[in-house]
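*Asks:* Below is one structure. I have some questions about it.
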Amino acid sequence: MIYVFPLIHALDVDRLEYIQRAAIEVNHFGTITKVEHLKEDENIDGDDVVHAHPNEFLVPGFVDTHSHAPQFSNIGFGFNLELLDWLSQVTFPTESNYQDAQVAQIDFAKVVEATLSVGTTTCSYYSSLHLDATKILAATCHSKGQRALVGKVNMDSHCPDYYKDESPEVSMAQTKEYVDYVRNNLKSAIVHPIITPRFAICCSPELLEQMGEYLKDENLHIQTHLCENKGEIDFTMSLYPNDESYTHIYANRGILSDRTILAHCCHLTNSEMDLIKQYDCGISHCPTSNFNLRSGITDVNQLLTDGITKVGLGSDCSGGYEAGILQSLRDASTASKALSIFHNKPTYLSLENLFYLATLGGARALDLEKQIGNFIVGKQFDALVIDPLTIANKSLIDSSKQSYISPLDRLKRNFERWLFAGTSANLQAVFVDGKNINIK
Ligand SMILES: [Zn+2]
């Protein structure tokens, strides 16, 4: 197929490319084989050519680097609590329901449909701690065509008896069975397993050590939470008094690698940032959740300035109340402007930075940059077709037709307005791995 569209994508942390007329050629494996810049009067026709409708443009699919599928039934609820109380009073009771595979089957289908319908083409999911539910979530992503990392949560300590792995050995045995299922039964090109220790408080040292041993021999993704909330950090350090910092707890047990995604990171010390840089870990910035649970404000601008660029956005449902990444992008902007005001600093996240975080930065954080994140030849075609002025979205009236605005500036203006004021109504089509996913 050849898609003739205006396109916008991130080439780096602070660099977007706008192409007014591009022809993107995609082969039947869903791989981008050619990207041409067309002149205004240059025509391409044929059965396999798809032309943009007026105003439409193409962007890479959104990458959600952190979300909890079994928490979607709590979206918008429990925000009077801070993290540790929210977990015990709101989250654990809900997640425990996924012991019932039928609940998982019904709910996870809705979760994956909901995230695809707001443009999340790749998602890194925490399932519950249940083996069957986690298999169901992985199989659901595969059958509905969403690119995903899916992990069984590991937790054997400081959690309620009704929602807890029986022992470190059982937790690891089930994790290995799950990894084996995804690799040898599901055999998906787009869904992969990810090792998912909930966070240090909920993992005994024995469990983290056994996990680290397992990871020595396996080239696997890992995800966990880090330095989200001050109360959490204090409690964590009381459990691991001999480790220099929260980040050292993971490093000392073999949990950190260039395939590790660390969510939140609101309160990192300089030595922890050095450690993250040394191991080349990814960071998931979850500003909506950080505000809702009053966890803190991650200084992403500082991370990028310090050379930590494997950073993406996470919806962190249901700490976040929106399934999609547009809300995270807007809250990332607000968070960085709040820091700029409070610290009297002139710098904050630019439009270029924000869109990078939502797409290419997310791909880098998940160690998937070779496959996705922008429209570079050799990557897979994960894309969104956006009509910023669709009639369904009455909030965006076309104010850009004035003669002094060039066509390129008009594209830039429509793109920016969609990012900050658009809705899912602007989404006309979603492609994953070259396939048009039915989202209506
Ligand atoms: Zn989370």
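*Asks:* Among (1) open to solvent by 10 Å² or more (accessible area, probe 1.4 Å); (2) within 16 Å of the ligand (Cβ to nearest atom), which single condition is Thr347 missing?
*Replies:* Tallying (1) open to solvent by 10 Å² or more (accessible area, probe 1.4 Å); (2) within 16 Å of the ligand (Cβ to nearest atom), Thr347 fails exactly one: (2).
*Asks:* Another question, if that's okay. Have a look at Lys152, Lys187, Lys230, Lys216 and point out the one that is of a type in the set (Lys, Arg) and in contact with a helix residue (DSSP H, G or I) (Cβ under 6 Å, 6 or more places away or on another chain). Please lay out each step first, then the result.
*Replies:* On the way: Lys187 fails: in contact with a helix residue (DSSP H, G or I) (Cβ under 6 Å, 6 or more places away or on another chain); Lys230 fails: in contact with a helix residue (DSSP H, G or I) (Cβ under 6 Å, 6 or more places away or on another chain); Lys216 fails: in contact with a helix residue (DSSP H, G or I) (Cβ under 6 Å, 6 or more places away or on another chain).
None of the others qualify; the one that does is Lys152.
*Asks:* Right, next: If you go through region 99-107 one residue at a time, do you hit one that is open to solvent by less than 20 Å² (accessible area, probe 1.4 Å), assigned to a helix (DSSP H, G or I), over 29 Å from Thr359 (Cβ atoms) and within 16 Å of the ligand (Cβ to nearest atom)? Reasoning before the result, please.
*Replies:* Filtering region 99-107 down to residues open to solvent by less than 20 Å² (accessible area, probe 1.4 Å) leaves 104.
When the remaining residues are screened for being assigned to a helix (DSSP H, G or I), the result is 104.
Still in the list and also over 29 Å from Thr359 (Cβ atoms): 104.
This time we only want the ones that are within 16 Å of the ligand (Cβ to nearest atom), so: none.
Scanning region 99-107, I find no residue that is open to solvent by less than 20 Å² (accessible area, probe 1.4 Å), assigned to a helix (DSSP H, G or I), over 29 Å from Thr359 (Cβ atoms) and within 16 Å of the ligand (Cβ to nearest atom), so the answer is no.
*Asks:* Further, regarding this structure: Tally the residues that are modelled with pLDDT under 95, surrounded by fewer than 21 Cβ atoms within 10 Å (Cβ to Cβ) and under 13 Å from the mean Cα position of the chain (by Cα), restricting the search to region 313-344.
*Replies:* 1
*Asks:* If you don't mind, there's one more thing I want to ask. Which is within 20 Å of Ile222 (Cα to Cα) and touching a Ser or Thr at 6+ places or on another chain (Cβ under 8 Å), of Tyr246, Tyr321? Before you say what the answer is, go through the steps one by one.
*Replies:* Details: Tyr321 fails: within 20 Å of Ile222 (Cα to Cα).
Only one candidate qualifies: Tyr246.
*Asks:* Give me the residue from region 155-205 that is assigned to a helix (DSSP H, G or I) and in contact with a Pro (Cβ under 8 Å, 6 or more places away or on another chain) and, out of that set, surrounded by the most Cβ atoms within 10 Å (Cβ to Cβ).
*Replies:* Our first condition is that a residue be assigned to a helix (DSSP H, G or I); within region 155-205, this holds for 168-186, 200-202, 205.
Right, trim to in contact with a Pro (Cβ under 8 Å, 6 or more places away or on another chain) and you get 178-179, 182-183.
Working: Tyr178: 23, Val179: 19, Val182: 21, Arg183: 13.
Only one residue fits best here, namely Tyr178.
*Asks:* Next up: Here is a list: Leu83, Leu58. Which entry is modelled with pLDDT under 95, open to solvent by less than 20 Å² (accessible area, probe 1.4 Å) and more than 18 Å from the chain's Cα centre (by Cα)? It would help to see each step written out before you state the result.
*Replies:* Working: Leu58 fails: modelled with pLDDT under 95.
Sole residue among the options that is modelled with pLDDT under 95, open to solvent by less than 20 Å² (accessible area, probe 1.4 Å) and more than 18 Å from the chain's Cα centre (by Cα): Leu83.
*Asks:* Identify, from the list Asp367, Asp299, Asp331, the residue that is of a type outside the set (Lys, Arg), in contact with a Phe, Trp or Tyr (Cβ under 8 Å, 6 or more places away or on another chain) and within 30 Å of Asn74 (Cα to Cα).
*Replies:* On the way: Asp367 fails: in contact with a Phe, Trp or Tyr (Cβ under 8 Å, 6 or more places away or on another chain); Asp299 fails: in contact with a Phe, Trp or Tyr (Cβ under 8 Å, 6 or more places away or on another chain).
Only one candidate qualifies: Asp331.
*Asks:* Okay, moving on. Just wondering, is there one or more residues in region 210-222 that are of a type in the set (Val, Ile, Thr), on the phi < 0 side of the Ramachandran plot, buried (at least 17 other Cβ atoms within 10 Å of the Cβ) and within 20 Å of the chain's Cα centre (by Cα)?
*Replies:* Initial filter on region 210-222 (of a type in the set (Val, Ile, Thr)): 222.
Subsequent filtering for residues that are on the phi < 0 side of the Ramachandran plot retains 222.
Restricting the remaining residues to those that are buried (at least 17 other Cβ atoms within 10 Å of the Cβ) gives 222.
In the following step, the residues that additionally are within 20 Å of the chain's Cα centre (by Cα) were identified as 222.
Within region 210-222, one or more residues are of a type in the set (Val, Ile, Thr), on the phi < 0 side of the Ramachandran plot, buried (at least 17 other Cβ atoms within 10 Å of the Cβ) and within 20 Å of the chain's Cα centre (by Cα).
*Asks:* Which of the residues belonging to region 125-156 are of a type in the set (Gly, Ala, Ser) and either within 25 Å of Cys286 (Cα to Cα) or in the same structural domain as Phe381 (by TED's automatic domain parsing) (or both)?
*Replies:* Within region 125-156, the first condition is being of a type in the set (Gly, Ala, Ser), and the residues that meet it are 127-128, 133, 138-139, 143, 145, 148, 151.
Within region 125-156, Ser127, Ser128, Ala133, Ala138, Gly145, Ala148, Gly151 meet the criteria.
*Asks:* Quickly run through region 350-384 and pick out the residues that are open to solvent by less than 10 Å² (accessible area, probe 1.4 Å), closer than 18 Å to Val191 by Cα and among the hydrophobic types (A, V, I, L, M, F, W, C).
*Replies:* Listed by number, the residues that qualify are Ala363, Ala365, Leu366, Ile372, Phe381, Ala383.
*Asks:* Inside region 276-305, can you point out the residues that are of a type outside the set (Lys, Arg), more than 20 Å from Phe342 (Cα to Cα) and open to solvent by 10 Å² or more (accessible area, probe 1.4 Å)?
*Replies:* Result: Gln278, Tyr279, Asp280.
*Asks:* Does region 243-275 hold any residues that are surrounded by fewer than 24 Cβ atoms within 10 Å (Cβ to Cβ) and over 21 Å from Met155 (Cα atoms), and which are they?
*Replies:* Within region 243-275, Glu244, Asp258, Cys266, His267, Thr269, Asn270, Ser271, Glu272, Met273, Asp274, Leu275 meet the criteria.
*Asks:* Kindly state which helices (runs of 4 or more DSSP H) lie completely within region 218-325 and contain at least 3 residues that are farther than 21 Å from Asp64 by Cα and either more than 16 Å from the ligand (Cβ to nearest atom) or touching a His at 6+ places or on another chain (Cβ under 8 Å) (or both). Even if it seems obvious, please write down each step before you answer.
*Replies:* Numbers: elements: 230-239, 246-251, 270-279, 287-292, 300-305.
Output list reads 230-239, 246-251, 270-279.
*Asks:* OK, next. If a residue must be away from the ligand (no atom under 16 Å from the Cβ) and of a type outside the set (Val, Ile, Thr), how many such residues does region 44-75 contain?
*Replies:* Qualifying residue count for the region: 15.
The values are calculated or read from the model by the stated rules, or taken from the named source; none is laboratory data. Nothing here was measured: the structure is a model prediction, and the numbers come from that model. In this analysis, Cβ positions are derived from the backbone assuming ideal geometry, glycine residues included, and neighbour counts consider all displayed protein chains. Note: accessible area is taken over every heavy atom of the protein model, side chains too, but ligands, DNA and RNA are not part of it. Shrake-Rupley method; radii C 1.70, N 1.55, O 1.52, S 1.80 Å.
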